[in-house]
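The values are calculated or read from the model by the stated rules, or taken from the named source; none is laboratory data. What you see is a predicted model; the values in this text were computed from it and never measured. Cβ: placed from backbone, ideal geometry, glycine included. Neighbour counts: every protein chain shown. For accessibility, only protein heavy atoms count, side chains too; no ligands or nucleic acids. Shrake-Rupley method; radii C 1.70, N 1.55, O 1.52, S 1.80 Å.
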Amino acid sequence: NAVIEKESEQLVSKLREIADLSLSPKDKLRRFLEVRFDIIRENDSQNDQLMRFFVRDMKRIEKIRRIASEKEREILKLIIQEGVECGQFDQQQCGNLDVVLLMIMQGVDMSYLRDNFVEIGVDKSRFQNDIINFIIESLKA
């Protein structure tokens, strides 16, 4: 469906631009994660609308999200591969990173939807940098 494809592309267009920047792979990954958090926060500001939309058309949302996730994984794989090739990232540590990161980000999406940061003991003002730094540090070659 062309509409679903267009909507999924809107979700990842900012992420796609990052892969073409002339930055080191480490900086690209950092920027990718920062933009992904920005997208989550943008969606959070539309939380009420989104919840009404979820209830009304869950199958459509799932298709858009599934297509967008595949596109995100492809962009992430390019950044990771570049990092491995230039020696910034450890190949073994990067094995399933694309899948793991998407699962992490889906969990972050849900925390924003539920607004349960205090409930799970997370400092909302720090967790973005904590997650990004943890991921980047774990990949160092």
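Data for the structure
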quantity	calculated
Portion, in percent, of the accessible area of the chain that falls on carbon or sulfur, probe 1.4 Å	50
Burial order of peptide ranges 22-29, 96-103, 78-85 (average beta-carbon count within 10 Å, highest first)	78-85, 22-29, 96-103
Of LYS28/LYS59; LYS71/LYS124; LYS14/LYS140; LYS14/LYS63, pairs whose Cα-Cα distance is over 30 Å	LYS28/LYS59
Global form of the stretch 61-141, assessed from the alpha-carbon gyration tensor, a/c cut-off 1.5	oblate
Label-point separation in nm, ARG114 to VAL35, each point 7 Å along Cα→Cβ	2.9
For PHE89, distant residues with modelled amide H under 5 Å away	VAL84, ALA141
Overall form of the chain per C-alpha gyration tensor (a/c, 1.5; a/b vs b/c)	oblate
Accessible area per residue, Å², the chain with all protein chains present, probe 1.4 Å	61
Net charge dipole size for the stretch 73-135 [Lys, Arg +1 and Asp, Glu -1 on Cβ; Debye, nearest 20]	120
